[in-house]
């Protein structure tokens, strides 16, 4: 298999992992609060584990060296805003009944993006150190 074909396959796997992770994060966020699905609540620990695993795949396969800086900036902003959003949105939207759903969705997105951002950051540090 040529290097180009292998790189294309890695990007495809990483892209699918990213898409599945985002959809899963939204489903778990809404499925545990707005539309309570008992199976999601019962298996939420395993689902969060899958999100972390998908985040590791996204960070290790999907981001090329030329895109790593952009990914780290976007990933960091997403992580920081999601974390602060979890706290502020819960308080401000609780009166209309969606505060918990938004907070839960942000938490699931964090489970996906924190490991991805850490992996990309580590890859950049190792490339700078030329290890």
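What the table below lists for this structure:
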| item | result |
| --- | --- |
| Order by protection proxy (mean Cβ within 10 Å, highest first), peptides 109-121, 18-30, 38-50 | 109-121, 18-30, 38-50 |
| Span per principal axis, largest first, for the Cα atoms of the range 3-129 (Å) | 52, 28, 18 |
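Bear in mind that the values in this text are calculations on the coordinates, not laboratory data. Not measured: the values here are computed from a predicted model. Counting neighbours? That spans all protein chains shown, and the Cβs are built from the backbone with ideal geometry, glycine included.
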